[in-house]
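The values are calculated or read from the model by the stated rules, or taken from the named source; none is laboratory data. Fair warning: this is a prediction, and the values are worked out from it, not measured in the lab. Note that each Cβ is placed from the backbone with ideal geometry, even for glycine, and that neighbours are counted across all protein chains shown.
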Amino acid sequence: MDQNVERLQVRVWRGNANGGGYRSYEVPAQQSQTVLDVVTWIQQNAEPTLTYRFACRVGMCGSCAMMVNGEPRWTCRTHVKKVLDGRQLEIAPLRNLPVIKDLATDMAAFFDKWTRAEGVFHPTATRADAIAPIVPDDPMRVLANEAIECINCAVCYAACDTVAANPEYLGPAALNRAWTLQNDERDSAYAGRLSAVSSGDGCFNCHSHQSCMTYCPNELNPTASIAGLKRLSAASFFKGGRGR
Amino acid sequence: MDIRHRRDTLRIASLIHRFSGLALALFLPLHFYVLGLALNDAARLDAFLNWTDYPLVKFVEAILVLLLALHLFGGLRLLALEFLPWSPRQKAYAASAAALSFFVSVGFFLSAV
């Protein structure tokens, strides 16, 4: 390694489901260096067995999220200079998810909750019908549009202390998805989804800490979506179970 | 315990709301006990009220008022968050709740001493 190049002191969590710990590496600092660049450098130059997950490297696929200096980040779009603590960088697998190996977590529970929250579109029309017109400034469409750019990176899920306290809680991403569908006029599963998200592990677990909103890399606001679901649920209760 | 993801203003506001509520819950039994003295033991109640005239006790009372105000205004903030249309001014509301609470508690302390 060139001795004149400034180096980052990087601690990376190595281990598996049975446990592990941090190992230290020295990584040459670069201009416009992302955290994913640092992890890739370590794997290619120092630790070939280091396991991590990524795909697109441009903030589209949502697969490279990790804990960086204790905070959940999408590593491909997080510049090292933005998160560096002195020269120190600490990289760990996402919180609230079981580790498979090193920096790769098992996301199965995260996606299962997506299904449990009825985050699936139930069409009211068939493919033989004409395409339904979408009016962009319709109030419901506006609400849905504000929440639809989720890339399933699980950063919000890792930031959520309610998930940490209750692993069965559906979590911000699944509930945010449910909120977009509750505001989709073409969807037919309003009542069933409202029942699913109002269940014991649903939206009423949320303590409105707003960590999901703070850390969402796409600047979505799952707290607002969950508050919306709480309002829909409360309104349905006072209307005797009737909804949209 | 790693708390580095809990340093945001709104996360701190929720912690203040939670701990002020717990502190008030611990205080309430004592409060009701003293109220009960009015019915059962007027002499002890008078002795207690005389004790509360000490400046240090007044100061502690002001802290209790601060906790009560923080929990009240923080609770109103949460009710607004959950039942009114979403506002992007959440940090401003949290800061306003804190400022109002300090205003109320300082006002109480100045009127009490």
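From the list A:Gly240, A:Gly202, A:Gly171, A:Gly192, the one residue that fits, being without any contact (Cβ under 8 Å) to a residue 12 or more places away in the chain and more than 10 Å from every other protein chain (Cβ to nearest Cβ), is A:Gly240. In the set A:Ala189, A:Ala227, A:Ala196, only one residue is in contact with a helix residue (DSSP H, G or I) (Cβ under 6 Å, 6 or more places away or on another chain) and not assigned by TED's automatic domain parsing to the domain that holds A:Pro93; that residue is A:Ala227. With respect to (1) more than 14 Å from chain B (Cβ to nearest Cβ); (2) at pLDDT below 95, the lone exception for A:Leu84 is condition (1).
Checked against the criterion of being touching a residue at least 24 places away in the same chain (Cβ under 8 Å) and exposed (fewer than 13 other Cβ atoms within 10 Å of the Cβ), segment A:136-150 contains one or more residues that satisfy it. Only one entry of A:Glu47, A:Glu90, A:Glu26 meets the criterion of being outside any loop (DSSP other than H, G, I, E, B) and surrounded by 15 or more Cβ atoms within 10 Å (Cβ to Cβ), and that entry is A:Glu90. The residue of segment B:69-106 that is nearest to the other protein chains (Cβ to nearest Cβ), among those that are in a helix (DSSP H, G or I), without any contact (Cβ under 8 Å) to a residue 60 or more places away in the chain and among the polar types (S, T, N, Q), is B:Ser96. Taking segment A:165-244 and the helices (runs of 4 or more DSSP H) fully enclosed by it, the elements with 2 or more residues that are farther than 20 Å from A:Glu146 by Cα and of a type in the set (Gly, Ala, Ser) are at A:190-197, A:222-238.
Here's the yes/no breakdown for (1) exposed (fewer than 15 other Cβ atoms within 10 Å of the Cβ); (2) in a loop (DSSP other than H, G, I, E, B); (3) at pLDDT below 95:
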{"site": "A:Asp2", "(1), (2), (3)": "yes, yes, yes"}
{"site": "A:Val10", "(1), (2), (3)": "no, no, no"}
{"site": "A:Leu36", "(1), (2), (3)": "no, no, no"}
{"site": "A:Ile42", "(1), (2), (3)": "no, no, no"}
{"site": "A:Phe54", "(1), (2), (3)": "no, yes, no"}
